[in-house]
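Comments concern the structure below.
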Amino acid sequence: RQSIGRGWSWALGVVPILLTLALWAALTHGEAEERVISPVILPNPFEVAGSLHSLWFDRAFSRSAVTSLVRVVVGFAIGVVIVLPVGIGMGSFEPIRAAFRPMALLLGYLPIPAVVPLTLSLFGIGELQKVMFLAIAFFVYLLPLVVKAVDDVDAVYLQTAFTLGANTVQAVYKVLVPIAWPDIFQALRNGFGVGWGYILLAEMVAAEQGLGNLIIVSQRRGPREHIYLVLIAITLIAFVTDRLWARAGRQLFPYREMV
């Protein structure tokens, strides 16, 4: 468990990626009839890279990426606006926790894909459905994390605040929330990253644009290379946004380590 240098950490992290690419190339090398895996299932990595031009220009990839990003951001914002007061209230007051606990337990066992037909029934097949599906998915994911962040605040801080004459509102908004905020921020960061997995479900039905729509269209009509390019793009976008969250965390909470 001895720590290693940052350089070694990056170098060792690259090795599995290179091995995966090498195995991918080996399994898809040669003519279509000679390959271990058919190009209909898994194209060669060089074929995937070569199809970037057609994906970018012929299918307006950048426009779809921006559309998906906007949907994730708007859905995330709606989910956060709802989950923060509910989660902080549940973590701070037992009556609120008791009132919302049954709903939270039921939502915890709810499979997110099952929300798709529900939102289609409630909000139709337009843009509102996609945003509300993401908002519900974010709410379900974030609620227990926000409650736990508030729960983890040591009671000694509350006791000290009340001893110094704080009232209930001050104890919540000047003691519980500020101390729990770094953990809440980390939960929001993780939730935003998970949202890039939800976007594929959100854009499965009647989405004229978006990364999920590109995957569905490529699966039905081809070329299959675009499926893997879009998946790589989603991973890279999620990674970049996560790094931005980490940088913001280091600025907001310099006393906390943000990996």
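The values are calculated or read from the model by the stated rules, or taken from the named source; none is laboratory data. It should be emphasised that the depicted structure is a prediction, and the values quoted were computed from it without experimental measurement. Counting neighbours? That spans all protein chains shown, and the Cβs are built from the backbone with ideal geometry, glycine included. Keep in mind that these areas ignore ligands, DNA and RNA; they rest on the heavy atoms of the full protein, side chains included. Shrake-Rupley method; radii C 1.70, N 1.55, O 1.52, S 1.80 Å.
Summary table
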| read-out | value |
| --- | --- |
| Scope the stretch 31-48; condition without any contact (Cβ under 8 Å) to a residue 12 or more places away in the chain and surrounded by 10 or more Cβ atoms within 10 Å (Cβ to Cβ); matching residues | A32, R35, V36, I37, S38 |
| Helices (runs of 4 or more DSSP H) wholly inside the stretch 157-259 containing at least 1 residues that are under 25 Å from L143 (Cα atoms), open to solvent by 50 Å² or more (accessible area, probe 1.4 Å) and among the acidic types (D, E) | 177-202 |
| Test set (1) modelled with pLDDT of 85 or more; (2) within 30 Å of R220 (Cβ to Cβ) - I37 fails condition number | (1) |
| Test for Q170: is it within 24 Å of the chain's Cα centre (by Cα) and on the phi < 0 side of the Ramachandran plot | no |
| Condition met for A26 (modelled with pLDDT of 90 or more, more than 23 Å from I136 (Cβ to Cβ), among the small types (G, A, S) and out of contact with any Lys or Arg (no Cβ under 9 Å at 6 or more places or on another chain)) | no |
| Test: residue in the stretch 191-206 that is β-branched (V, I, T) and farther than 30 Å from D154 by Cβ | yes |
| Those residues of the stretch 49-92 which are buried (at least 16 other Cβ atoms within 10 Å of the Cβ) and not in a helix (DSSP H, G or I), in sequence order | S51, R59 |
| Within the stretch 106-116, tally of residues that are surrounded by 11 or more Cβ atoms within 10 Å (Cβ to Cβ) and in a helix (DSSP H, G or I) | 6 |
| Residue satisfying all of: in the stretch 1-48; charged (D, E, K, R) and not in a helix (DSSP H, G or I); farthest from I215 (Cα to Cα) among these | R1 |
